[in-house]
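All remarks here apply to the structure that follows.
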Amino acid sequence: MIAKTVIEKVKRSAIHKAPYNPRTITQARRSKLATSMQQFGMVELLIWNRQSGNLVGGHQRIELLDAENLSHNGGGDYDLDVSVVDLPPDREKALNLALNSHEIGGEFDEGALEKLLDELNGKFDFDLNSLIVAEEKKATKKREKAERPPIDATFEIVIRCTDEAQQETLFARFTQEGLSCRVLTL
């Protein structure tokens, strides 16, 4: 049975960034996240563990919220709506990994995505395409690479010849011996 979400207001000072969190973000992606949050608000709740006080999900978003609080409110304590879990340390860490896994999320239907982006193109003061498509292309390449059949091992040797005549002689000799050869001129 899927547990229901518990949402509570928690003081920022009670939320600690999990020291084990393996997730990082580049400045370019942080900028895209900030743009998304400015355009749509804080639509995805932070996930906080009551037992440890650790933030389990939302480390990048809380950094942006902290920066905004500092610039607009002088950096004092503030309230946040959070999704509350009550987990022992090992389950907390497992949830952190699950939240950051690309393996449990959906994928874009590339045709439907292209149609939707075309429909929304020019209707916003930021580039939806840059927020979405680059990441999806990277995920698609990763999937395609994983789906490729394994390459059979081959064992090759390169022989550097002194001239074309030597190259022709060795090629003829090795092919007569039944070896598969190819000529490379570099």
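Could you grab me the full set of residues in region 26-41 that are surrounded by 15 or more Cβ atoms within 10 Å (Cβ to Cβ) and either aliphatic (A, V, I, L, M) or over 17 Å from the mean Cα position of the chain (by Cα) (or both)?
Within region 26-41, L33, A34, T35, M37 meet the criteria.
Only residues that are within 25 Å of K93 (Cβ to Cβ), of a type in the set (A, V, I, L, M) and in contact with a helix residue (DSSP H, G or I) (Cβ under 8 Å, 6 or more places away or on another chain): list them for region 1-39, please.
Those that are within 25 Å of K93 (Cβ to Cβ), of a type in the set (A, V, I, L, M) and in contact with a helix residue (DSSP H, G or I) (Cβ under 8 Å, 6 or more places away or on another chain): I15, A18, I25, L33.
Name every residue in region 15-25 that is out of contact with any Phe, Trp or Tyr (no Cβ under 6 Å at 6 or more places or on another chain) and buried (at least 16 other Cβ atoms within 10 Å of the Cβ), in order of residue number.
Correct list: A18, N21.
So which pairs qualify, if the first residue must be in region 26-47 and touching a residue at least 60 places away in the same chain (Cβ under 8 Å), the second must be polar (S, T, N, Q), the Cβ gap must be under 7 Å, and the two must be at least 6 apart or on different chains?
Cβ pairs passing all conditions: K32/S130.
Give region 63-95 a look and list any residue that's without any contact (Cβ under 8 Å) to a residue 24 or more places away in the chain, surrounded by 12 or more Cβ atoms within 10 Å (Cβ to Cβ) and farther than 26 Å from A34 by Cβ, or say none.
The answer is R91, A94.
Are any residues in region 92-111 closer than 14 Å to H59 by Cα and of a type in the set (S, T, N, Q), and if so, which ones?
N96, N100
Take region 111-143 and flag every residue that is among the charged types (D, E, K, R), at pLDDT below 80 and assigned to a helix (DSSP H, G or I).
E135, E136, K137, K138, K141, K142, R143
Inspect all residues belonging to region 96-104 and state whether any of them is in contact with a helix residue (DSSP H, G or I) (Cβ under 8 Å, 6 or more places away or on another chain) and either more than 13 Å from N21 (Cα to Cα) or surrounded by 16 or more Cβ atoms within 10 Å (Cβ to Cβ) (or both).
yes
The values are calculated or read from the model by the stated rules, or taken from the named source; none is laboratory data. This structure is a prediction, so every number in the text was calculated from the model and none was measured. Cβ coordinates were reconstructed from backbone atoms using ideal geometry, including for glycine residues, and neighbour counts include every protein chain displayed.
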